C-alpha cells in the first residue's frame, strides 16, 4: 500500500509538471509575480507591489479566502495598499462554489494587481481552482498586471504546491528528516514555471527539510524558499529579484545525482546547488543562474 501511494504521488507530480509546462508555454505572461514569504509586509515591499500594479492609478483586488477571518484580512491589506498610494483596493469574499457571479468578476475588469493573503493554501485552491475567476486572474497576469501573495498566497504560485502536511509526523514533530513520501503536495495555481516549487516562512520556520525532500523526490523541480518579510519578484523575462529584510534560498537539483534512499526512506544525492540571495540579488528561472549584487 505504501509503495502504491508513493507511486501515485510521483505520478501526480509528473502529470502536473507536464500539464503545467504546456499551459505556461501558451500563456507567455507580460506581468509580474510578487511572492512574499509571510511575516511582516513592510512598506518597502508593499510600495513596490503598488508601483507594479499601476502606482497612483493602481486598482487592486484582494483575495482573502485562505483565511478563516477573511474580512479582517481583506480590510487590513486593502488599507495598506491605499495608504501607500493605490487608487483603489477592493476584495472578494464568497461561499465555496459561488464566486463566479458577474458582480465578483466585474471587480477584476480593470485591475492591475491581485493579492492573495495568508492562511491555508488548500482552502484557497478549493475555492478557486477551475473557476472563471481564476481565469480572469490569469488574464490580468498575461496582459501585464501583477499577481502577488503572502504565506499561503505564496504557496499557491507553483503548480506542485506544498500543503504543509507531513505523512511521517511523530508526536507533533513535522519534517524532521529529508525523506521520501513525507511531504504532501497538491495542485496549485501554476503561475510560476512548471519546474519551480515555492515554499514560505522558509528560514524563520526551518523548512529546509521539506523543500529539499520535494525537489529530490520530484526530479526536475527547483525549490525556491522565501523567508518572512521578503519578496521574490518575477518579471516577464523570467528573472526573479529579491526585495526585503531576509533571504531567498534556491535548491537546484538539475545536475544532482544519483538520488538514492535508504531503508528508512532518507533521501541522498550529490551535486545539489544552493543559492542564498539577499535583497537586490537576482535569479534567472529559465537559465538557473544567480546574479549577486555586491
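Of note:
- Residue selected from the range 196-212 under the condition in contact with a strand residue (DSSP E or B) (Cβ under 9 Å, 6 or more places away or on another chain) and in a loop (DSSP other than H, G, I, E, B), by the criterion farthest from residue 226 (Cα to Cα): 207
- Within the set 96, 82, the sole residue that is more than 17 Å from residue 136 (Cβ to Cβ) and in contact with a helix residue (DSSP H, G or I) (Cβ under 7 Å, 6 or more places away or on another chain) turns out to be 96.
- Candidates 104, 171: the one that is farther than 21 Å from residue 235 by Cα and surrounded by 15 or more Cβ atoms within 10 Å (Cβ to Cβ) is 104.
- Of the helices (runs of 4 or more DSSP H) lying entirely inside the range 106-161, those containing at least 2 residues that are in contact with a helix residue (DSSP H, G or I) (Cβ under 7 Å, 6 or more places away or on another chain) and more than 23 Å from residue 47 (Cβ to Cβ) are 121-128, 132-142.
- Complete set of residues in the range 85-104 that are over 24 Å from the mean Cα position of the chain (by Cα), under 19 Å from residue 145 (Cα atoms) and either in a loop (DSSP other than H, G, I, E, B) or at pLDDT below 95 (or both): 85, 87
- Of the numbered criteria (1) touching a strand residue (DSSP E or B) at 6+ places or on another chain (Cβ under 6 Å); (2) farther than 26 Å from residue 271 by Cα, the one residue 189 fails is (1).
- Selection count where residues are under 17 Å from residue 263 (Cβ atoms) and in contact with a helix residue (DSSP H, G or I) (Cβ under 6 Å, 6 or more places away or on another chain), scope the range 165-178: 1
- The residues in the range 231-277 that are touching a helix residue (DSSP H, G or I) at 6+ places or on another chain (Cβ under 8 Å) and not in a loop (DSSP other than H, G, I, E, B) can be counted, and the count is 7.
- Answer residue from the range 107-147, given it is within 21 Å of residue 185 (Cα to Cα) and in contact with a strand residue (DSSP E or B) (Cβ under 7 Å, 6 or more places away or on another chain) and is surrounded by the fewest Cβ atoms within 10 Å (Cβ to Cβ) among those: 129
- When residue 280 is tested against (1) outside any strand (DSSP E or B); (2) without any contact (Cβ under 8 Å) to a residue 60 or more places away in the chain; (3) in contact with a helix residue (DSSP H, G or I) (Cβ under 8 Å, 6 or more places away or on another chain), just one condition goes unmet, and that condition is (3).
- Residues (surrounded by 11 or more Cβ atoms within 10 Å (Cβ to Cβ) and touching a strand residue (DSSP E or B) at 6+ places or on another chain (Cβ under 8 Å)) located in the range 258-272: 259, 260, 261, 265, 266, 267, 268, 269, 272
- For residue 76, the requirement of being over 21 Å from residue 233 (Cβ atoms), without any contact (Cβ under 8 Å) to a residue 40 or more places away in the chain and in contact with a helix residue (DSSP H, G or I) (Cβ under 7 Å, 6 or more places away or on another chain) is not met.
- Meets criteria (at pLDDT below 95 and out of contact with any strand residue (DSSP E or B) (no Cβ under 6 Å at 6 or more places or on another chain)) for residue 172: yes
- Filter result for residue 10 (assigned to a helix (DSSP H, G or I), at pLDDT below 95 and under 22 Å from the mean Cα position of the chain (by Cα)): yes
The values are calculated or read from the model by the stated rules, or taken from the named source; none is laboratory data. Computed from a prediction, not measured in an experiment: that's the story for all the values here. We place every Cβ from the backbone using ideal geometry, glycine too, and count neighbours over all the protein chains shown.
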